[in-house]
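Chemist: Encoded as structure tokens, here's the structure I'll be asking about.
The values are calculated or read from the model by the stated rules, or taken from the named source; none is laboratory data. Every value quoted in this text rests on a predicted model; they were computed, and no experiment measured them. Cβ placement follows ideal geometry from the backbone for every residue including glycine, while neighbour counts extend to all protein chains displayed.
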């Protein structure tokens, strides 16, 4: 099982630093996380259907290092989402 970090901003937009094409948005935090799980599962199924490998999950420490402070200032929270 792999685990990927979902980054949620104050407007409940969710991005996955390991999957730049995968993002979602919700009306509140719970909705955003639910939609993020669905979006990531769909995205991963698409990748697997084409026989591609999933990226190695990035650590939160590395994400914070890779993103400039200005981008992280709008972050509300982050969650780890598990994929089988």
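Chemist: Any idea how many residues of segment 16-57 are surrounded by 13 or more Cβ atoms within 10 Å (Cβ to Cβ) and assigned to a loop (DSSP other than H, G, I, E, B)?
Modeler: 6
Chemist: Run down 2, 73, 24 and say which single residue is under 13 Å from the mean Cα position of the chain (by Cα) and at pLDDT below 85.
Modeler: 2
Chemist: State all residues of segment 1-15 that are surrounded by 16 or more Cβ atoms within 10 Å (Cβ to Cβ) and in a strand (DSSP E or B); if no residue qualifies, say none.
Modeler: Within segment 1-15, 4, 5, 6, 7, 8, 9, 13, 14, 15 meet the criteria.
Chemist: Would you check if residue 62 is at negative phi and under 9 Å from the mean Cα position of the chain (by Cα)?
Modeler: It is false that residue 62 is at negative phi and under 9 Å from the mean Cα position of the chain (by Cα).
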